[in-house]
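The values are calculated or read from the model by the stated rules, or taken from the named source; none is laboratory data. Values in this document were obtained by computation on a predicted structure and should not be read as measured data. With ideal geometry, Cβ positions are generated from the backbone for all residues, glycine too; neighbour counts draw on all protein chains shown.
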Amino acid sequence: MAMLDPTRQVLAKIVGPLLISLSILVVFFFGGDAYQRFGIEAMDSTTTVMKNMLGVVGFISLAVLANRIIRYVIFEGLIASATGTPVPRLLLQISSLIIYAIAVSACARIVFNQDLTFLWAASGVAGLVLGMALRELLQDVFAGIALNIDRATRIGDWIQIHRSGDERTIGQLMEISWRTTRVKDMLGDMISFPNSKFSAFTISNFSLPEAVSARRVQVTLDCAVPAEQAFRILQAAALDALIELIGPEVGTPTVAVNGIKIEGVEYMITFRAQWPQLMPATRAILKSILLHLNRAGLRPAGHSIALTERPAAPSAASDAQRLFGLLERTPVFDGLPEAGLRLLLEQGRKARYAAGRVVIQAGEAGSELYLLQEGLLDAQEAQQFTGQSGNPTVMRPGDQFGAPTALLGLPHRRTVRSRTEVLLLEIGGDALQQLFVRQAGSLDTVARNLVAMGVLGHSLDGEDRQQAVTRQLRNMFPDARAADGLPAEALERTAH
C-alpha cells in the first residue's frame, strides 16, 4: 500500500485538469451547433463571451494537465528514478514557463483571433530593454540553466567550492533556483551564491563517482613498539570507532607503515565512509586510538624526545602489570586477592587469532575462559538460547568471556569470532583449580560474582542461587572441595 500512495497522489493531481479539458472538448465537438443556435437565440454577445471563456479555460486546463504530466510523470517519475537524484527546481520552473507561454499564445491566436507577429515583435523589443536592465539577473538565470544541463553536481551532493586564494567552502548542495545556488555548510548554515559566481568556482564533488570516500589517519608510535602489535592495536581502534559511528556492517580499515622518522614509526590508517561521516570518523578514530593504546600500556611518540632520552621497550614486568590491571577489573574475579590474580597470570597463556577466526562456538563446552588483551571480537548470541537472532556485540580490550562454561560447565551461549587479529589470555581449568586450592575463600568469592553476573537467571531466589552456584563449582573442581576448610599450611602442601 505504501508503494501506491505516490502513484495515487500523482493521479489525483492529473485527473482534475484532464476531466475539465475533456469536458470542454466534448462541448465543442458534440454540441457546437446547438450551442451556437442557443447563443443566437439568446444574444450574440453572450455567445462570444461564453465561447471565449470556454476557450481560455480549455487552454489553461490543457496547460495545467501538460505541466503536471511533465513534472510528476516525466521529471519526478522517470528522470528522478533513472538518475537517483531529485530534479532541480529550475528545470521544473522553466518547463512550466514554456508550457504556459504556449498556452497564452494559443489563446491569443485561436480564441481571440489575434496576429502573433505584432505580439512577438513587441515582446522582442521589451525583451531587449529588459535584458539590458537585468543583465546580471539574466546571467544568473542562464548560468543556472547551464549548471543543470552540465550535471557536474546534483542536488544532495557534498561539494567543496573555491577559487584561487579564496577560502574553501564545504557543504551539501541543496537547491539551484532562478538566481541563486544554495549550499548547506558543515555548521548547518545555508549559504546562497549567485549562479554566475557559483559556475565560476572550482568545484570538488565528493559524491561522485560514488558516495563512499576514503580517508587516512596518521599516528606515530615509538620504534620500540613491535610492528605486529602496532598493526593489531591500530586496526582494532579504528574499527571500534567506525562501528560505534556507522554500524557493524562497516568495512575493516587497513593499516600500513607510512614512514620511519626520527621520533618513531608513522602508521597510516585508511578507512572508507559516507562523506558526511568522514570528519566525525577521523575524530572518533583518534580518540579510540588513545584509549586502545592506553589499554596496551602505550602512547603516541613525542616529537620532542631526543635520541638519548627515548624510553626503553616495554618490559615483561610492565606487560604483566598491565595484564594484572585488566584481570583485576573483570567481574568474575572481582574481590580476589592479589596473590590469586597473579597465580592466574602465571598459569595463563597468550594466544593469537587471525581476523575471522572462531574463538568459541555457541552450544559447545570448554574448560578455558578468556581475557581480551588487544584487538576486537564479535559476539553473536545463539538463537537457541534467546529465541531470536540479534546483531553481534563488540568485545574490546579488557573484556572477559567464557567464565560460565569454564567454571560451571554450561554450554557457550555466544559464538565469538575475531573481527581483527586479536591477542587473548587463556586461563584453563588447571589454573582455576590451583586458584581454588591455594587461595582460601576464592571459590565463594567467584560464586558470588557469578550470581551477580546472572549466570542462572532469576529462576531461584538469591540464597538458593548462591548455594546452587557454589555446589556446581565444587563439583567442577573436586580438589578445591577436598581442600576446603584446611589451614594455609595444608593448602600449600596440597598445591605442591
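Taking region 392-463 and the helices (runs of 4 or more DSSP H) fully enclosed by it, the elements with 3 or more residues that are within 37 Å of the chain's Cα centre (by Cα) are at 403-408.
Being of a type in the set (S, T, N, Q), within 19 Å of Leu298 (Cα to Cα) and crowded, with 18+ Cβ neighbours inside 10 Å is the requirement here; does Gln229 meet it?
Numbers: of a type in the set (S, T, N, Q): yes; within 19 Å of Leu298 (Cα to Cα): yes; crowded, with 18+ Cβ neighbours inside 10 Å: no.
When the stated conditions are applied, Gln229 does not pass them.
Of the residues making up region 389-419, those that are under 24 Å from Ala238 (Cβ atoms) and of a type in the set (A, V, I, L, M, F, W, C) are Val394, Met395, Phe401, Val416.
For region 402-421, does any single residue satisfy the condition of being in contact with a Gly (Cβ under 6 Å, 6 or more places away or on another chain) and closer than 27 Å to Leu298 by Cβ?
yes
Being without any contact (Cβ under 8 Å) to a residue 12 or more places away in the chain and within 23 Å of Trp178 (Cα to Cα) is the filter here; which residues of region 191-225 pass it? Spell out how you get there, then give the answer.
Within region 191-225, the subset without any contact (Cβ under 8 Å) to a residue 12 or more places away in the chain is 197, 209-210.
Lys197, the sole residue that qualifies.
Of the residues making up region 166-201, those that are in a loop (DSSP other than H, G, I, E, B), over 18 Å from Ala152 (Cβ atoms) and among the charged types (D, E, K, R) are Asp166, Glu167, Arg179, Asp189.
Condition check ((1) at pLDDT 80 or above; (2) under 30 Å from Gly251 (Cβ atoms); (3) out of contact with any strand residue (DSSP E or B) (no Cβ under 6 Å at 6 or more places or on another chain)) across all residues:
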| site | (1), (2), (3) |
| --- | --- |
| Ala122 | no, no, yes |
| Ala133 | no, no, yes |
| Leu138 | no, no, yes |
| Ala143 | no, no, yes |
| Arg154 | no, yes, yes |
| Lys184 | yes, yes, no |
| Lys197 | yes, no, yes |
| Val212 | no, yes, no |
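Within region 326-341, the set of residues being free of Cβ contacts under 8 Å to residues at least 60 places away in the same chain and surrounded by 13 or more Cβ atoms within 10 Å (Cβ to Cβ) comprises Glu328, Leu341.
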